[in-house]
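Novice: Have a look at this one.
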Amino acid sequence: MELNGPAFTRIPPWVRAKLSPNAIDKIQKVYDFVEEECIPAEPIMKAQIAEVGKRWTTQPLMKELRERAKKAGLFNLFLPKNFEQSPGLTNLEYACCAELMGRVYWAQQTMNCHAPETGNIELLAKYCNEDQKKKWLQPLLNGTASSAYSMTEPDVASSDATQIGCRITREGDEYVINGRKLYGNCIWNTENKFFILMGCSDPDNSNKWARHSMVIVPTNAPGITQVRNLTIMGYDHAPEGHGEYLYENVRVPIENMILGEGRAFEIAQGRLGPGRIHHCMRLIGQCERAYELALIRCIDKRKTPRGKLIGQFDSNIERIAQMRLEIDQARLVVLNAADTMDVHGNKAGRYAIAQSKILIPNMATRVIDGCMQMYGGQGLTQHTPLPEMWTYARFVRIADGPDSAHRHQVGRDELKTAEAFVERNKEYRRKYLRLVEDMGGKAETFWGVTPDV
C-alpha cells in the first residue's frame, strides 16, 4: 500500500512496511485531529486555563475535544495488543501516532494517551485483579477520571528506588501510609481520583528488591495534604500540575494492594518501558513543530539583519541541516526500540529503551534551543511555544530517571560484552601468527591482546 500525505512523510520505509491497515487508518486520523482540532485551538486552550478561579479545572475545550476523539475511535491508542481493551496497535505503530500527538503539548490528553495515565492504565490492566480493574481501571479507560503516580521522594535519591522510604504498614484490614512525596498530579484538580503509590512495606527484608509495594490511594483519603504545586522551570503546568504531598496515617483497605506485598519493582519495570518510548516519540513530534517554526523564521521578509534573510546566513543554513539530521536519526533510535519491544518483549528492549531515553531529550533541548536562537529575544517569550517546548524536553530528561542512571545501564551492559571481544581478538592474533609463519616473516605485537597468547 502506497502511503502518501504529510501524516506518513517522516515514517521510514521499513516501518511503513510493518503498518497494518488499522494502523494506517489511525495514523491518518491522529494527524487530521491534531492539525484540524488541536493546533488551531492552542490560544483558546491557554485562555481558558487563565480564566480567574479556573486554573485548576480542566478546560471546557479539553473536555469537548476528548469527547470528539473518543467518538472518532482515537482513545487509548497506546494500550498494547495483548490487552483486551487495546485498539490493536503495536508499539511501533503507536509510536507513529505519538509523534504526531507531540506536535501540541496537550494533544495526547485529548486522546487519553497522556502521562501518567498511559503508564497507570497499562499497570492496572496488567497487574490488577478483576475487581480492581472494574473500580479503578475502567473509569480511566472511559476518560471519566484521572490518576497520578506517586513514587519520587524529597529525602532520598529516588533514582535508586530501593531507597524509597514512605512506609506502608498493615494494621488489620487496612494499610497505613506515612511519608512525603514529590510529583503526582495535583489534587486541586478534582478529576484526579487516585494515586498509585510506591512505598516500603517490609524494610527488614534481606532482599532489597522485595521490600516495596504498590497500593492504590484515593485522593480524598483523610491524611493526604498537598503542600503546594511544584513549578517546573517556572511553569505550573495547570490544570494538572505536579504536587508535593504529605501522607500522615493515610488508611486504605487491603484490597487496594496491587499484585501483592513486595512486588513493586516487578510492577515498576512493566510500567516504565513503553511509557519512555511514548515520551520520546512525542518529543520528536515537538521538535518537528519547532523546526517548522524555525524554517518560517528563516524566510520571514520582515527579519533581514544586515540586509539578508535569517535563512541566508551560512551559520543558519548549517544549523537547519544539523537539526534535520538530529531529528531524523533520533526517530530511528526510538522506532528501533519500539520494534524491539514488539518482536522480543519489553525486557529484551531495555537497552534500546535506555538509548532512547538518553538521546532523544538531549537532542530535543539542543534542537529547540537552536530554534529559539533563530527567533532571538522573541524566542524566549510567549510569542512562540518554544520556551514551553524546551522546558518539557528538559523535564523529560529527568522524568523517568536521570541520564546518568540510563548511561550506567547501557555502559554496564556493554562491558558484559568485553570478554567476547577478547576471545575474538585472540583468534585474530592466532590467524595473524599463522599468516606470518606461512610468509616467513617476523611476528610483531598484535593490538587488542597480550603478546603471550
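Novice: Can you give the relative contact order of the chain as a percent, counting alpha carbon pairs under 8 Å and 6+ residues apart? Write down the numbers at each step before the final one.
Specialist: Working: 681 pairs, mean separation 55.1, N = 453.
In percent, rounded to a whole number, it is 12.
Novice: Starting from the Kirkwood radius over alpha-carbon pairs of the chain, derive D by Stokes-Einstein at 37 °C in a medium of 0.692 mPa s and give it in µm² s⁻¹.
Specialist: Estimated via Stokes-Einstein, D reaches 136 µm²/s.
Novice: Related question: What number does the range 186-225 give for Rg over Rh if you use C-alpha atoms and the Kirkwood radius?
Specialist: Using only Cα positions, Rg/Rh for the range 186-225 is 1.14.
Novice: Can you give the calculated 222 nm mean residue ellipticity of the chain, where each DSSP H run of n ≥ 4 adds -39,500 (n - 2.57) and the sum is split over every residue, rounded to the nearest 500 deg cm²/dmol? Write out the running numbers ahead of the final one.
Specialist: Details: 14 runs with 209 residues, N = 453.
Here the helix-only value at 222 nm equals -15000 deg cm²/dmol.
Novice: Further question on the same structure: What number do you get for the range 259-368 when its Cα radius of gyration is normalised by 2.2 N^0.38 Å, N = residues?
Specialist: Here the answer is 1.45, to two decimals.
Novice: Heavy atoms only, probe 1.4 angstrom, no DNA, RNA or ligands counted: give me GLU93, GLU388, GLU42 ranked by accessible area, highest first. Mind showing how you got there, number by number?
Specialist: Numbers: GLU93 5, GLU388 75, GLU42 45 Å².
Ranked from most to least accessible, the order is GLU388, GLU42, GLU93.
Novice: Average the reciprocal distances over every distinct pair of alpha-carbons in the range 291-422, invert the result, and give the Kirkwood radius in Å. It would help to have the intermediate numbers written out before the result.
Specialist: Working: mean 1/r = 0.0592 Å⁻¹.
Taking every pair of different Cα atoms in the range 291-422, averaging 1/r and inverting gives 16.9 Å.
Novice: With all protein chains present and a 1.4 Å probe, how do TRP390, TRP188, TRP136 order by accessible area, largest first?
Specialist: Of TRP390, TRP188, TRP136, the descending order of accessible area is TRP188, TRP390, TRP136.
Novice: Here's a follow-up. Taking the radius of gyration and the Kirkwood hydrodynamic radius from Cα positions alone, what is the Rg/Rh ratio for the range 129-213, to two decimal places? Show your work: numbers first, answer last.
Specialist: On the way: Rg = 14.5 Å, Rh = 14.4 Å.
So for the range 129-213, dividing Rg by the Kirkwood Rh gives 1.01.
Novice: Quick one: P(r) of the range 1-70 from all Cα-Cα pairs, 10 Å bins, percents rounded to integers, in order of increasing distance.
Specialist: The distribution over the range 1-70 is 17, 37, 24, 16, 6, 0, given as percents.
Novice: Using a 1.4 Å probe and ignoring any ligands, DNA or RNA, find the accessible area of LEU3 and quote it in Å² to the nearest 10.
Specialist: Estimated to the nearest 10 Å², LEU3 gives 20 Å².
Novice: Okay, next question. Would you mind checking the pairs LYS134/LYS181; LYS29/LYS308; LYS357/LYS431; LYS18/LYS426; LYS46/LYS134; LYS63/LYS126 and listing those with alpha carbons more than 30 angstrom apart? It would help to have the intermediate numbers written out before the result.
Specialist: On the way: LYS134/LYS181 27 Å; LYS29/LYS308 40 Å; LYS357/LYS431 41 Å; LYS18/LYS426 41 Å; LYS46/LYS134 34 Å; LYS63/LYS126 27 Å.
Beyond 30 Å between Cα atoms: LYS29/LYS308; LYS357/LYS431; LYS18/LYS426; LYS46/LYS134.
Novice: Put GLU240, GLU84 in order of accessible area, largest first, 1.4 Å probe: what do you get? Before the final figure, lay out the partial values.
Specialist: Working: GLU240 50, GLU84 165 Å².
From most accessible down to least: GLU84, GLU240.
Novice: Can you bin every Cα-Cα distance in the range 233-319 into 10 Å intervals starting at zero and give me the percent of pairs per bin, rounded to whole numbers?
Specialist: 12, 19, 24, 18, 11, 9, 6, 0
Novice: For a bin width of 10 Å, list the pair-distance distribution of the range 43-173 built from all Cα-Cα distances, rounded to whole %.
Specialist: 11, 33, 32, 21, 4, 0
Novice: Enumerate the helices in the chain for which the Kyte-Doolittle hydropathy averages 0.0 or more and the C-alpha atoms extend at least 20 Å along the helix's axis, using complete DSSP H runs. Please report the intermediate quantities before stating the final value.
Specialist: Values: long enough: 264-298 (50 Å, 0.05); 314-344 (45 Å, -0.15); 350-375 (38 Å, 0.25); 418-439 (31 Å, -1.14).
Passing helices, by number: 264-298, 350-375.
The values are calculated or read from the model by the stated rules, or taken from the named source; none is laboratory data. For clarity, every value in this text was computed on a predicted model and none was experimentally measured. Accessible surface areas use protein heavy atoms only, side chains included; no ligands, DNA or RNA. Shrake-Rupley method; radii C 1.70, N 1.55, O 1.52, S 1.80 Å.
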